[in-house]
Amino acid sequence: MTRKRKYKKYIPSIKIVSEKIDKKWKFNSETKKFSHPIYADKVFNPLCHNKKHDYIDAYVDKYGKKHYKNRTEIISTLYPFIPTEEDPRNLGYNIATNNSSYHFITISNKMQSFWDTRRGKRYIKYIEYRKQRDITKKLFLETSK
């Protein structure tokens, strides 16, 4: 007795240009390339960040009975891919991994400020705490005299 094989159906993806990128980026849907006025005469390949979107679709058959069907869409968000060595203005995006060879994330080529990181935000709170502590110390010394 042979086992029935399950075939994966082709799931078409919906391609969307990301809203995080600079507004001057132009995506040509015919050539499927990005261009920017700062980098004249250069075109860049898109970088796709895929997400799976599951939803339930309701439809009515010819007898008037309502049916529900699970649907799956893949939404591809497009970013302009530029290696960091070739991007002096830091306008493009690149690929990074999180200690795994299966999951990739897209990151901007822009330098991240220390104050925008988790550690920097905690340090800002620590500075505010120290200032408040100095104020209460001065008030205590004035009242104790």
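The values are calculated or read from the model by the stated rules, or taken from the named source; none is laboratory data. In this text the structure is predicted, and so the values were computed from the model without any measurement. Cβ coordinates were reconstructed from backbone atoms using ideal geometry, including for glycine residues, and neighbour counts include every protein chain displayed.
Being in contact (Cβ under 8 Å) with a residue 60 or more places away in the chain, in a loop (DSSP other than H, G, I, E, B) and not small (Gly, Ala, Ser) is a description that does not apply to ILE38. Only one of the numbered conditions (1) closer than 25 Å to GLN112 by Cα; (2) modelled with pLDDT of 90 or more is violated by ASP22, and that is (2).
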